[in-house]
Each structure stands twice: as C-alpha cells, then as structure tokens.
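The structure appears right after this line, and notes come after that.
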Amino acid sequence: MKVELAFGQSGLQVELPAQAVPTLLRKPAMKTEKSAGEIIQQALASPIVKHGSLEPGEADYLTELAGGAQTACILICDITRPVPNSEFLQPLIRRLLEAGVPATGITVLIATGLHRPNLDKELEELLGDPWVQKNVSVKNHYARDEDSCIHLGVTEKHSVPVGLNRLFVESDIKIATGLVEPHFMAGYSGGRKVIAPGVAHHETIRTFHSARFMEHPLATSCVLDGNPLHETQLEILQMLEGPVLGLNTVLDEHRNLVHATFGDVLESHLSAVEFARGSCELNIGRKFKTILTSSAGYPLDKTYYQTVKGMVTPLSILEEGGDLIIVSECSEGFGSEEFCAAQRQLVALGTEGFLKSIAEKTLADVDEWQTEMQLKPMRVGRIKLFAPKLGSDPSGITGVEVVDDLTASIEESIKRHSDNEIAVIPEGPYVVPFATAR
C-alpha cells in the first residue's frame, strides 16, 4: 500500500511495509460552492466587530473606517506560509483608495519576524498580483533595524519589552492578514501573531521565545487560554492606538481557500480559529508506537528549521519510546546560521545540557527556540528524518537519526515494537491529533 505525504511542491509516495496497518489522519473535506474571490468579498462585506457581525449594507465598513485617513499599513505573512495574498490584497487596497487614502500612503509590510527578507522573484510569488507592486509600496520588516522600530513599553503580565515596526504603529489604518492554522507555540497562527512576532523588534521576539515561555505547558498547539505567548500578544494589541483590523484565511488540505473572516483583529481571529478547529483538531482516542508524518510540504518544508514543527504537533499520540518518522524536502537547507549554531550546541550538550544552558536567559539567542522545541519530541521517543536534500551527513547538526529508506524505517519500527499499527499524517503540522478527547 502506498500513501502520499505533503513534500515539496509535488508530494511524496511512500510504500508501506506489507504488514503495516495504517490509520490515516487528515483534515475532513471542507466543501464550498464559492470561489476564493467570493469568500473574500463576503468576509469584507460582513465584518466581525467587538459586539458581533455587521450585516452587509450599502456602506462598506473598511471604506467608511478609512475615510480621512492618510496612511495605511497591511501586514502579510512571509514566504513560509501559503497565504492566498493574491485574493485579498487588491480588494483591500482598492477600498482604501476609494476612501481617499493616497496610494503613496499605503504600505504592504511583510511580517518576517526574524526570518530573512523576501525579495525579487520570491516577492512576486508571495504577492501573487503584480498590480500590488505597481500601485503601492511593499517592504520587508527588519527586526534588528533599530531605526525602523518604535518602543511602546513593557507588558504587565509577562514583562515583555514591546517594540514594533514604526510604519505599522504610526499608520492611521492597521490591517493584519494571515493564515489561521495550528501553531506549536502560540496555539494558532494568524491575527495577533502577524503583529508579534511578525513585525516586532528582536528583543520582543527573543523575550517571549525564551525558555520561560517555551517550557510553559500551555505554550502548545491549539491552546489559547492560558498560553503565555497568546496572552502577551493580546497585551501588545492593547498598546496600539486606533482601530486594528484583521483578515484571516483558512485553507483545506489542497491549499484551497474555504473560509475567511474580516473585522476587529481579535474578534475576527477568534472566529476563524473556531472554524479551523473543526478540521485541524482530531480526537483519536489512542496513541501509536509508529508515526509517519510530514512538514506540510511547500513552502513550510523549505528548511529544517521549519521541519521541527512537524515533529512537535503529533506528540499527543506518540507512545513513550515510540518512533516519529518525518519527511521534509529542505530545499533551502537547515535555516539561519543562528539556528545551525543552536543545533550544534544541542548535539554537543545533549537534551538536558542544552536546556540547562538556556534556562536562565532573559533573551533567547535568535532561532534557538526552534531547537528547544525539538527537545520535546526527543524526550518522548526516537525521531527519524527523511530529507535527502540536506546533504550526505546532516546527522551531526540535526540531532536526530537521518534515514534514506522510509519503507525500511517503518518496518524496523514495527518489528521493534511488535506492533503493526501506524499513524500516517500526510499534512504534518496543519493537523493536530489528540489521544484524549478535548
């Protein structure tokens, strides 16, 4: 029997051993009769505000809100997220123009966090609409550029120093757009997360990605209540002046747009999360000794850095001492130099030694939080990685076992555990299975 996993842009067919009894864990089909453009228009026409949804009327909510505004900043996710920017950027911008906001005052700002900038052909791919670049300014956020950030104070509950991109903070109209999907630290992506860490100062990001946040039991997939990252992001929202809007999208397993919300950045995000929960969270009722999963394919599996997400999200159903086998194209290699340094430290110190070395830091080193998250599956079982583009000897930096034969690896796991039942998760971190009912 063959199963197909998300892998790069073309997928990967994996031949299962003859004795394997697979349980396929994937999103249920989400059917919609509307086109992507119709879904966006419906969301824009029915904005979600703090006291519920507004019914469609003659006046356009965004156009009315932007009346008299001179500047607007639209945040978009970077290239690591498959957000359908081409479907909503032009409708948003046209509404702002209709309201009288000058084109020279409108900026599309790429929420890179501490990732690299998106430039040239990659930028064109990200936007998906040449009209945008021709008509408004498009810029990348640089978290380490002091002049481009403005400092707003310190959050009350978790004492996080808050710095955000000056363009966004000082714009009359602020709009955060993104993809709502499970996130292995912040519960769910989208909404407030596109602001922080998306356009935050590096000290803001490094503070709430330090060990005191990452080791918190509620800093995990699909959890918002009590999640210290989410709580910090909500406090950051309160520091901003004027209305902050959000446009949130939800995709099916085939990257088709099936749902969108627009309105108040918090309320519209929560509404999109409730929709996404129905397809992303799976109550399985049991654990497995062998799990085969992916890093969700392109663009998330471009680096080993992002691959870690696929290792963490199935932990609820991995038996102690079990095997988690993950595939990732890693077409761009490992990730940043800072991440590579953290991985080398992990290999040198081991899991407990690495955690001890970072436990007391106020500011995490850049990208070491991803290495810290990798500790979580390493504490539970064995990780086996299939990533042929990483090179001939990546074991010394990944810290996990690298394999070149998936069928043999699955068969070895089945024999080791004397258990032929395996869980197969084709879309990796976009689907979160739970062993107990939620």
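Every read-out reported here was derived from the displayed coordinates using simple, explicitly stated rules and does not represent laboratory data. Treat the numbers as computed from the prediction; the structure is a model and nothing was measured. Heads up, the Cβs are rebuilt from the backbone with ideal geometry, glycines too, and the neighbour counts pull from every protein chain shown.
For His158 and Gln42, the FRET efficiency from 1/(1 + (r/R0)^6), where r spans their Cβ atoms and R0 equals 22 Å, is about 0.05. Helix 368-380 and the longest principal axis of the C-alpha atoms of the chain enclose an angle of approximately 40°. In this structure, Gln13 and Leu363 have a Cβ-Cβ separation that, at R0 = 60 Å, corresponds to a calculated FRET efficiency of about 0.85. Coupling constants for the range 278-288 follow from the phi torsions by the Karplus curve (6.51 cos²θ - 1.76 cosθ + 1.60, θ = phi - 60°), and in residue order they are x, 10, 8, 9, 10, 8, 9, x, 6, 10, 10 Hz; glycine and proline get x.
Loop-located trypsin sites (Lys or Arg not before Pro) in the range 306-384 (DSSP state other than H, G, I, E, B) with a sparse environment of at most 15 neighbouring Cβ atoms within 10 Å: Lys361. Note on the chain: Cα-Cα pairs beyond 30 Å make up 42% of the total pair count.
Ranking Asn85, Gly333, Val108 by how far each Cα lies toward the positive end of the dipole of the chain (charges on Cβ) leaves Gly333 at the top. Coupling constants for the range 309-323 follow from the phi torsions by the Karplus curve (6.51 cos²θ - 1.76 cosθ + 1.60, θ = phi - 60°), and in residue order they are 4, x, 7, 8, 5, x, 4, 4, 10, 8, 5, 4, x, x, 10 Hz; glycine and proline get x.
Once the C-beta distance of Leu123 and Arg286 is scaled by a Förster radius of 60 Å, the resulting FRET efficiency is 0.85 to the nearest 0.05. In order along the range 412-419, the Karplus-derived 3J(HN,Hα) couplings, from 6.51 cos²θ - 1.76 cosθ + 1.60 at θ = phi - 60°, round to 4, 5, 4, 5, 4, 9, 6, 8 Hz, and Gly and Pro are given as x. Averaging Cα coordinates gives a centre for the range 22-43 and one for the range 258-274; these two points are 15 Å apart. With helices as the sole contributors, the chain gives -9500 deg cm²/dmol at 222 nm; each DSSP H run of n ≥ 4 counts as -39500 (n - 2.57), and the sum is divided by every residue. Using DSSP, restrict attention to beta bridges with both residues in the range 1-158 and report what percent are antiparallel, rounded to the nearest 5. The antiparallel proportion sits near 40 percent.
For the pair the range 124-185 / the range 208-240, the C-alpha centres are spaced 18 Å from each other.
In units of the compact-protein estimate 2.2 N^0.38 Å, the range 36-280 shows a Cα radius of gyration of 0.94. Of all lysines in the structure, those lying under 26 Å Cα to Cα from Lys174, and not within fewer than 8 positions of it along the same chain, are Lys50, Lys134, Lys139, Lys157, Lys193.
Loop-located GluC sites (Glu not before Pro) in the range 354-404 (DSSP state other than H, G, I, E, B) with a sparse environment of at most 16 neighbouring Cβ atoms within 10 Å: Glu360. Residues considered: Gln70, Gln238, Gln90. Largest GNM mean-square fluctuation over the chain, using C-alpha springs under 10 Å, is found at Gln238.
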